[in-house]
Amino acid sequence: MKGTRMIVGGVGLCLGGALVAASGRAREPAGVDSYTVVLASDWPQLEGPGGACRNGGAEVLTGSLAPEANGGYDGVFDRTTRIEFCGTHAGTGGVCALRLDGRGRVAVTGTILPPDRAGAERRVTLTWRPLAGEGSVEVAGDCPTGFERALEAMYLEAPHAVEIPLPAGDVDLVRRLEDHGWTVRVARPAV
């Protein structure tokens, strides 16, 4: 019976204990740990043309992920952001600069990814979406109004995602996410 898989209600049980969604994605059994997550941007901070302004900023998301019956995680995180833009933009005829300051709460889901090799650490795709009516944003600068409004709408409406590792055992995990511009701290809450 080695390798036998039963599909029940969209979930496959491979004998040997692993849960696999009918789609083939790994699932965690009910009752897996909750996690406290701090996701902080590690974006480049670049001087704009002529040193007049800067491209960069910072964003921090903080919250707790709780296991869900569907095998993933969810939570609501606090989000604080500053985005600085400096450069030429269509229709300006020159350099424009703006700063976006935002804060609010975001709905977060975590989708468990199948291991890419034996013994690999567990990974989750963390996706966040602003909660309607739960955020505020202020955009200031001398860029075209249409560009400023589009950046504001992106902040208040667009989903974002990053893949993060989960810690093994009771050890907190802190890692810079290569190719993503983020640093993550994942911990199990104190009992």
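For this structure, a couple of remarks:
- Some residue of the stretch 147-167 being among the β-branched types (Val, Ile, Thr) and surrounded by fewer than 11 Cβ atoms within 10 Å (Cβ to Cβ): no
- Subset tally (residues that are assigned to a strand (DSSP E or B) and open to solvent by less than 50 Å² (accessible area, probe 1.4 Å)) for the stretch 39-53: 3
- Filtered residue count, the stretch 136-165, keeping only those that are under 19 Å from Arg79 (Cα atoms) and in a loop (DSSP other than H, G, I, E, B): 2
- In the stretch 65-81, the residues that are on the phi > 0 side of the Ramachandran plot reach residues that are of a type in the set (Asp, Glu) with C-beta atoms within less than 6 angstrom, at least six apart or across chains, in these pairs: Gly71/Glu28.
- From Val108, Val95, Val124, residue being modelled with pLDDT under 85, open to solvent by less than 80 Å² (accessible area, probe 1.4 Å) and not small (Gly, Ala, Ser): Val95
- Checking each residue in the stretch 166-191 for being part of a strand (DSSP E or B) and β-branched (Val, Ile, Thr) picks out Val174, Thr183, Val184, Val186.
- Residues that are out of contact with any Asp or Glu (no Cβ under 9 Å at 6 or more places or on another chain), outside any loop (DSSP other than H, G, I, E, B) and of a type outside the set (Asp, Glu), drawn from the stretch 109-135: Thr111, Thr127, Trp128, Leu131, Gly133, Gly135
- Tally, over the stretch 168-191, of residues that are surrounded by 11 or more Cβ atoms within 10 Å (Cβ to Cβ) and more than 13 Å from Val37 (Cα to Cα): 4
- Members of the stretch 127-139 found to be at pLDDT 95 or above and of a type in the set (S, T, N, Q), listed by number: Thr127
- Put simply, of Gly87, Gly75 the only residue that is assigned to a strand (DSSP E or B), more than 23 Å from Thr125 (Cβ to Cβ) and modelled with pLDDT of 75 or more is Gly87.
- Residue check for Pro114: of a type outside the set (A, V, I, L, M, F, W, C), open to solvent by 50 Å² or more (accessible area, probe 1.4 Å) and closer than 23 Å to Val186 by Cα: yes
- Inter-residue pairs, beta-carbon under 7 Å, first over 28 Å from Ala120 (Cα atoms) and in the stretch 144-166, second of a type in the set (S, T, N, Q), 6+ apart: Pro144/Thr92; Tyr155/Thr81
The values are calculated or read from the model by the stated rules, or taken from the named source; none is laboratory data. The structure displayed is predicted, hence computed values, not measured ones. Backbone-built Cβ (ideal geometry, glycine too); neighbour counts: all protein chains shown. Each accessible area value is taken on the protein alone, full model and side chains, heavy atoms only, with ligands, DNA and RNA left out. Shrake-Rupley method; radii C 1.70, N 1.55, O 1.52, S 1.80 Å.
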